[in-house]
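Student: Following this message is one structure expressed as structure tokens.
The values are calculated or read from the model by the stated rules, or taken from the named source; none is laboratory data. A quick note: this is a predicted structure, and the numbers were derived from the prediction, not measured. Methodologically, a virtual Cβ is constructed for each residue, glycine included, from the backbone with ideal geometry; neighbour enumeration extends over all protein chains shown.
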Amino acid sequence: MLYPTPSLTPADERVLDEIDTMRQALRHQIQTAPSKWTAGLRKFLTADAVAASNSIEGFKVPTVDVEDLIAGERDVEVSDENREETLAYQRMMTYIQTLHDAPDFAYSKGLFNALHWMLQGHRHTARKPAGQWRRGPVYVTDARDPSIAAYTAPDANDVPILMAGLVDWLGTEDDTHLLVRAAMAHLHLVSIHPWADGNGRMSRSLQTLMIAREGVLAPEFSSIEAWLGRPGNTWEYYRELAGRGPAYVPGQDVSSWVGFNLTAYHQQAQTVQGRLDRSGQVWRALSEFADGNDLDERVVTALHDVAMAGRVRRSRYEHAEGLSLQQAQRDLRDLTSANVLVPVGRTRARYYTAGPRFPQPALDVARTPMTLRNPYTDRPGPEQA
């Protein structure tokens, strides 16, 4: 038995309509924006989702370091454990992204366990097998006292039946909005807790996969994992899950869970829109700077990374612009000589940050924080309507 999907309130319907409008507008803007802007945003959003979802489980790696790890950088100052967790989750997320338009796609026990192996295979043990349903009890401990079980998952003997029911539910279409179904799938999977470890990330990934399969936005723009990973939101996430009680009671009303997710979808769409707008403004400011200082247009890619992410590595710039090693080194050396960039570190671990002659207008735009509105309590102004 699974949780029944609750009926939406008029407020839910209004928020959902706003989300649909925002996502369609974002889709149009992405399709018409220069590919260099959107390519960088796609990479950032993927890294941000990986960093955030892992941070919920205690693996703290900044997004900029995740970007470097995904790009193949070896000399990133993170622990071996955090490196393994980051790359494992990134590989699974990459596979999920490739499934967004698979014509013969189907949910199955095999798919779930294969994804779990990608996530947890490096931790496989007899006690905590990866890619297999758990064989014993599993508990979610209280964040304030690990000796207290905040949630006890269903008996291991019930997992195969519960997961078969979830697979059937996923394969059965109804008229529920896809975003609501994705939120419910997340709740179903995290409540069943079918594996010994990795259940939270698997549940969040299932939600991302379902939204990506919808096809409105590319997979990189479809995740709310970055939103869930913000400290205040993570606390609310835990509190919302705890509100379901200390044991699996699938007949209960879960309206608050749906409202929580609609807020997440709405605010993540606001965040992506804001970053895309800032990215474009920064790019234009840097292009003007390059043109006014007789710099090759290609260096804007390196400068944009510095403004938006705080730093750039030679290899990232080299690959982004399709340059030779010598060309990339020469460009960065010239920017350093002109005091536009400042090198940090030596040899392979070196990266570059903003120097004293880095164009301040670009930094000002990149560093200006945005304000998110709560769609249930803060109605849009005339310019947002």
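Student: Starting from region 57-78, take each residue that is closer than 16 Å to ARG350 by Cβ and list its partners that are β-branched (Val, Ile, Thr), counting only C-beta distances under 6 angstrom and pairs at least six apart or across chains.
Tutor: Between residues of region 57-78 that are closer than 16 Å to ARG350 by Cβ and residues that are β-branched (Val, Ile, Thr), the close pairs are ASP65/VAL76; ASP65/VAL78; ASP68/VAL76.
Student: Filter region 312-368 down to residues that are polar (S, T, N, Q) and in contact with a strand residue (DSSP E or B) (Cβ under 7 Å, 6 or more places away or on another chain), then give me how many there are. Full working, then the answer.
Tutor: So the first thing to find is which residues in region 312-368 are polar (S, T, N, Q), and the list is 315, 324, 326-327, 329, 336-337, 339, 347, 353, 360, 368.
Remaining after also requiring in contact with a strand residue (DSSP E or B) (Cβ under 7 Å, 6 or more places away or on another chain): 336, 353.
Matching residues across region 312-368 total 2.
Student: While we're on this one: Take the conditions of a type in the set (S, T, N, Q) and crowded, with 20+ Cβ neighbours inside 10 Å and apply them to SER287. Does it pass? Show your work before the answer.
Tutor: On the way: of a type in the set (S, T, N, Q): yes; crowded, with 20+ Cβ neighbours inside 10 Å: no.
So SER287 does not fit the description; no.
Student: How do the helices (runs of 4 or more DSSP H) wholly within region 34-101 filter down when requiring 2 or more residues that are closer than 24 Å to GLN273 by Cα and in contact with a Gly (Cβ under 8 Å, 6 or more places away or on another chain): which remain?
Tutor: On the way: elements: 35-56, 63-70, 80-98.
By residue number, 35-56.
Student: Moving on to the next point. From the set of residues in region 180-211 that are more than 16 Å from the chain's Cα centre (by Cα), of a type in the set (A, V, I, L, M, F, W, C) and in a helix (DSSP H, G or I), which is farthest from ARG127 (Cα to Cα)?
Tutor: The qualifying residue farthest from ARG127 (Cα to Cα) is VAL180.
Student: Another question about this same structure. Take the residues of region 1-13 that are touching a residue at least 12 places away in the same chain (Cβ under 8 Å) and assigned to a helix (DSSP H, G or I): which is nearest to LEU262 (Cα to Cα)?
Tutor: ASP12
Student: Of the conditions (1) at pLDDT 95 or above; (2) crowded, with 20+ Cβ neighbours inside 10 Å; (3) among the aromatic types (Phe, Trp, Tyr), TRP117 satisfies every one except a single condition; which number is it?
Tutor: That leaves (2) as the condition not met.
Student: Another one. Looking for whichever is small (Gly, Ala, Ser) and touching a Ser or Thr at 6+ places or on another chain (Cβ under 9 Å) here; the options are ALA354, ALA366, ALA290. Which one fits? Before the answer, list the steps.
Tutor: Values: ALA354 fails: touching a Ser or Thr at 6+ places or on another chain (Cβ under 9 Å); ALA290 fails: touching a Ser or Thr at 6+ places or on another chain (Cβ under 9 Å).
Answer to the check: ALA366.
Student: Related question: Considering only residues of region 52-107 that are surrounded by 15 or more Cβ atoms within 10 Å (Cβ to Cβ) and small (Gly, Ala, Ser), which is nearest to TRP169 (Cα to Cα)?
Tutor: The extreme case among them is SER53.
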